[in-house]
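All remarks here apply to the structure that follows.
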Amino acid sequence: MLTGAGMSAESGVPTFRDAQTGLWERYDPTALATPEAWAHDRDTVWAWYRWREHLVSRAQPNAGHLAVSRAQDRRDVTVVTQNVDDLHERAGSRRVHHVHGSLFAHRCDTCGAPLDVGPPPDDPVDRLTPPGCDRCDGRARPGVVWFGEMLPHDPWEAAVDAVTSAAAVLVVGTSGLVHPAASLPGLAADTGLPVVEVNPGPSGLGPEVSVHVRSTAGEALPALLD
Ligand code: BV8
Ligand code: ZN
């Protein structure tokens, strides 16, 4: 299974496409999720990520996440997600590969040491200075993959392996616009695997999709997987 932000939409976590709701109306995610933004205005970026951590920690896994977890109990299902939230894990899923990292993994922006930064603030703030590293003069950064950054090797290898060796691939809640993750369904189709897309709307995916289930994750996944 390949999942994107639409997987968490019914949990109340804004997707990137409709990120103009709530706190994010004044932020463009593709502008903030970059090393340039970190270099230019680190404290704004850090505050944004801490607020996103707060939103996710208050969200609950939805019926889609739970159906995926039940499917993993019965069948050999691997989850590859572009999402940086932990809702698949909190629904009980085990084999989850985060090709774009995780909101809750923080590391030093200089030496890369993993850093424990404690819980996020309860209220949104415009700017926040990230804690320092305990090994060098660097600062804590979000453990996510920014635009222009390489994807983590092991999750990416696992993703390619999964989509080329599965019996079928289910793509849920992604606009299919961000590469190289967006190339995974095509890789599956080129391998001759059936690709089923679950998305209430149109997406950037095209001929590689065999069946498009025009529904939401929370509706379609229990029906498809249980
Ligand atoms: C790299 C973590 C290279 C951060 C993210 C021009 C052409 C092609 C590529 C590029 C280009 N210019 C630049 C690039 C590369 C770039 C890219 O693809 N840019 C895009 C904008 C064109 N990619 C990168 O930079 C990647 N790195 O290429 O490195 C390199 C090479 C050599 C050496 C060095 C470097 C890194 C990309 C990773 C960026 N990080 N996330 C954070 O979260 O803050 S991406 C982030 O956005 C998400 O992780 C996700 O991947 C993407 C959002 O997409 P979706 O998940 O699909 O979500 P979206 O909101 O778009 O869509 C939601 C969908 O759900 C919709 O279709 C909607 O209909 C549907 N939906 C809504 N409700 C529901 C639903 N579905 C089901 N149920 C519902 N209820
Ligand atoms: Zn450091």
Matching residues in the range 167-181 - criterion: being of a type in the set (A, V, I, L, M) and under 17 Å from Thr78 (Cα atoms) = Ala167, Ala168, Val169, Leu170, Val171, Val172, Ala181
What is the residue count in the range 167-209 for residues that are surrounded by fewer than 16 Cβ atoms within 10 Å (Cβ to Cβ) and within 15 Å of Met1 (Cβ to Cβ)?
-> 3
Within the set of pairs 6+ apart or on separate chains, which have a first residue in the range 178-193 that is polar (S, T, N, Q), a second that is surrounded by fewer than 20 Cβ atoms within 10 Å (Cβ to Cβ), and C-beta atoms under 6 Å apart?
-> Thr191/Thr164
Number of the condition not met by Val144 [criteria: (1) closer than 16 Å to Asp86 by Cβ; (2) aliphatic (A, V, I, L, M); (3) within 16 Å of ligand 2 (Cβ to nearest atom)] = (3)
Filtering helices (runs of 4 or more DSSP H) wholly in the range 136-226 for at least 3 residues that are more than 11 Å from ligand 1 (Cβ to nearest atom) and touching a His at 6+ places or on another chain (Cβ under 6 Å) gives 153-165
Considering only residues of the range 96-111 that are of a type outside the set (Val, Ile, Thr) and away from ligand 1 (no atom under 16 Å from the Cβ), which is farthest from Asp41 (Cα to Cα)?
-> Cys111
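With touching a helix residue (DSSP H, G or I) at 6+ places or on another chain (Cβ under 8 Å), among the charged types (D, E, K, R) and modelled with pLDDT of 95 or more as the only criterion, which of Glu149, Glu157 stands out?
Glu149
The values are calculated or read from the model by the stated rules, or taken from the named source; none is laboratory data. Just so it is clear, the model here is predicted, and its values are computed rather than measured. Counting neighbours? That spans all protein chains shown, and the Cβs are built from the backbone with ideal geometry, glycine included.
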